[in-house]
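Here is the structure we will look at.
The values are calculated or read from the model by the stated rules, or taken from the named source; none is laboratory data. What you are looking at is a predicted structure, and each value in this text was computed from that prediction instead of being measured. Methodologically, a virtual Cβ is constructed for each residue, glycine included, from the backbone with ideal geometry; neighbour enumeration extends over all protein chains shown. Quick note on the areas: whole protein, heavy atoms, side chains included, nothing else; ligands and nucleic acids left out. Shrake-Rupley method; radii C 1.70, N 1.55, O 1.52, S 1.80 Å.
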Amino acid sequence: MRRGVRSFRQFRYAFERQECNYSFSLVKCQKVLIDTGYRVTDNADIDKFSCPKFIASRTLTTDAARVSNGDFNGGGPLVEYERRIAAGDLVDGDSCQVGTLRELQRLYDELVESADACKLDRYTASDKSGRSRWLWSRLMPQSSYSPIKGLYLYGGVGTGKTMLMDLFFNQLPVNWRKKRIHFHDFMLNVHSRLQKHKGVADPLEVVAGEISDEAILLCLDEFMVTDVADALILNRLFRHLFNNGVILVATSNRAPDNLYERGLQRDLFLPFIVTLKERCVAHEIGSAVDYRKMTSAQYGFYFVGKESSSLLKQKFQQLIGEEKACPQEVEVVMGRTLQVPLGANGCAYFPFEELCDKPLGAADYFGLFNNFHTLALEGVPIFGLHNRTAAYRFVTLVDVIYENRAILLCTAEGSPIELFDRIVTIADAQQMAPRTSTRSRKNDDSDLCVDNELGFAKDRTISRLTEMNSKEYLEQHAAMLAEKQLSEEASNANTIQASVGGGSMFI
C-alpha cells in the first residue's frame with residue numbers, strides 16, 4: 001500500500017514540475033482547452049471521456065434529436081452521448097461521429113430486442129465447455145448464426161473509433177456475455193488456448209467454443225493483421241465463432257478489403273475478408289480530424305537529442321523516489337520471462353535495443369505492463385529500411401502502452417513525425433518525384449522503407465505519441481493511479497477488519 005502511495009505521489013511531483021521548454025513540442029496547440037470548451041477538473045474527477053480526443057459533434061441530426069423525445073427507449077450510446085453533451089463532458093466535433101453513433105445505436109436496439117434469440121444473457125447460456133461443445137458438434141452438427149450482423153468501424157487515426165465503441169460497450173447490460181479486448185491481446189489469448197488443446201482434431205473449433213461460451217458479443221479494438229500466423233487461422237477461427245452465434249464489433253484503420261494487404265500468402269487470407277463482410281456491416285468514419293492532436297502536448301516526457309539521456313534518467317529517478325532501481329524479471333506468457341534492466345516503484349527503464357531490437361512481441365509488452373505503469377525508453381532511432389523490424393516492434397509497443405493507459409518517457413533522435421519520415425506506403429512512393437537527367441539514383445534515399453502496413457501504422461503511432469504526451473493524458477494516468485490506490489486501501493482495510501474480527505493478532 002505504501003509503495004502505491006509513493007508511486008502516485010512521485011508521479012504527481014514529476015508531472016507538476018514539468019516545464020514547457022523542451023526542445024520539441026509535439027503539437028503547437030494554441031488555446032485548445034479554451035477554444036474547444038474543455039474543462040479541466042480535479043484529478044479525482046477526470047475520467048476517460050474528459051480528454052478532447054473524445055470530442056463528439058453536437059450538430060444533432062434527426063436521429064440524435066429523437067433521443068430527447070425518448071424514441072430509443074432511454075438507453076444506448078446515442079442517448080449517453082447526448083447526456084454527456086448536456087453535462088458538458090463532450091463538446092463540438094464533427095458529424096461523422098454522429099453518423100457512426102447512429103449505426104451503433106441501431107445495433108444496440110437490435111441486440112436489446114433480440115437478446116433472447118442471441119443468447120446474450122450469461123445466466124441462461126449453455127454450461128457446456130468448449131471441448132464438450134466440440135464433442136457434441138461431432139455427434140449433432142448444427143449451425144446457429146446470430147440473427148444480427150455485427151459492425152466493423154474503420155477510418156483514419158484519432159477519429160474516435162475506440163471511444164465510440166467503448167461508449168457502445170459500456171451501455172450494454174452487465175449480465176450479457178460480452179467482451180472488449182485489444183486485437184493483439186485477443187490473438188495472444190487464441191494462440192495460448194491452441195497450445196492447451198494440442199492433439200485435438202480441430203483445436204480451433206474447441207477454442208472458438210470456449211470464446212463463444214464466455215462472450216457472444218465480441219468487441220475487438222485496433223483490428224490489424226500483420227502476422228502470417230494470425231492471417232492463416234483467422235478465417236477458420238471466425239467461421240467457428242460466427243457459427244456459434246458470436247457477433248463481432250471491431251475498429252480498424254483499414255477497410256476490410258485492405259486488411260493484410262501485400263502480406264505473405266494473402267490468397268489464403270482472402271476468404272476471411274469475405275466472411276467478415278458477410279457477418280458485419282462495414283462503416284467508415286470519414287472524419288479527417290485527429291482529435292488526439294487537439295490536446296495541450298507541451299507537458300510530456302518526450303525528449304529529442306542524445307544529450308537528453310541525463311534528463312531522462314533524472315525524471316526516472318524522480319518517479320521512483322526513494323526506492324532503489326535494480327534488475328528484475330517478470331513473467332510474460334506461457335512460462336516465458338522478460339528481463340528488466342532497471343525497475344522500481346512501478347517504473348521500468350530500458351535501452352531501446354533491449355525492447356525493440358530483440359525478438360520480442362505483443363505478449364512480452366503486455367506482460368511488462370502487467371507489472372509496470374511507466375516505461376523510460378532510451379534512444380529511439382530514426383526508422384528506415386535498415387531497422388524496419390524494430391519499427392514494427394516500436395509500433396506494437398506504443399499500441400500496448402496506449403491500451404494500458406501507461407506512461408512513456410523517452411529520448412529520441414527526432415520528433416514522432418521525423419522518426420517515421422522514411423517509412424512510406426506504396427502509394428506514397430509512387431507519388432515521389434521520378435528520376436530525371438538531373439535527379440539520378442544517387443539522389444535516392446537508400447534507407448527509404450516502402451511498406452504498406454508500416455506506412456499505415458505509423459500515422460496511428462504518431463497520433464498516439466502526441467496524445468500520450470499531453471496534459472490531459474498525464475492527468476488521466478495520475479487519476480488512474482489515485483483510484484487504484486484508493487481501491488487498494490479499501491481492500492487492505494477490509495482484510496484487516498476481517499482478520500481482527502476473526503480473532504487474529506498482529507504483533
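With +1 on each Lys and Arg Cβ and -1 on each Asp and Glu Cβ, and nothing else charged, work out how big the dipole of the stretch 325-421 is about its Cα centre, in Debye to the nearest 20.
180
Positive end of the charge dipole of the stretch 175-273 (Lys, Arg +1 and Asp, Glu -1 on Cβ, about the Cα centre): tell me which of Ile211, Ile233, Pro256 has its Cα farthest that way.
Of the options given, the answer is Ile211.
Figure the gain on full extension for Thr389 and Ser491 (residue separation times 0.36 nm, minus the Cα-Cα span) and round it to one decimal in nm.
Extra length from Thr389 to Ser491 when fully extended: 32.4 nm.
Between the stretch 335-353 and the stretch 208-237, what's the alpha-carbon centroid distance in Å?
Distance between centres, Cα-based: 29 Å.
Hey, with R₀ at 41 Å, roughly what FRET efficiency would Ile426 and Asp109 work out to, going by the Cβ-Cβ distance, to 0.05?
0.50
Taking square-rooted eigenvalues a ≥ b ≥ c of the alpha carbon gyration tensor, is the stretch 360-415 rounded, prolate or oblate, where a/c under 1.5 means rounded and, failing that, a/b exceeding b/c means prolate?
Because a/c hits 1.5 or more and a/b fails to exceed b/c, the stretch 360-415 counts as oblate.
Dipole size in debye (nearest 20) for the stretch 182-326 around its Cα centre, Lys and Arg Cβ +1, Asp and Glu Cβ -1?
Dipole magnitude for the stretch 182-326 comes out near 360 debye.
Strictly over 32 Å apart at the Cα level, which of Lys198/Lys358; Lys313/Lys358; Lys179/Lys471; Lys198/Lys324 would you flag in this model?
Lys198/Lys324
Which order do you get for Val274, Val206 if you rank them by accessible area with a 1.4 Å probe, largest at the top?
Solvent-accessible surface, decreasing: Val274, Val206.
Roughly speaking, what is the stretch gain from Leu264 to Cys326, that is 0.36 nm per residue apart minus the C-alpha to C-alpha distance, in nm to one decimal?
Here the answer is 18.2 nm.
Under a Cβ-only charge scheme (Lys and Arg +1, Asp and Glu -1), can you give me the dipole magnitude of the stretch 178-227 about the Cα centre, in debye to the nearest 20?
140
Can you send over the solvent-accessible area of Lys196, 1.4 Å probe, protein chains only, in Å² to the nearest 10?
Per-residue accessible area (Lys196): approximately 130 Å².
With every protein chain left in place, what is the accessible area of Lys277 in Å² (1.4 Å probe, nearest 10)?
Accessible area, nearest 10 Å²: 100 Å².
Skipping prolines and chain starts, which residues have an amide H placed within reach, meaning under 5 Å, of the one on Val380, given they are 5 or more residues away or on another chain?
Those qualifying (amide H under 5 Å, at least 5 residues apart or on another chain) are Thr411, Ala412, Glu413.
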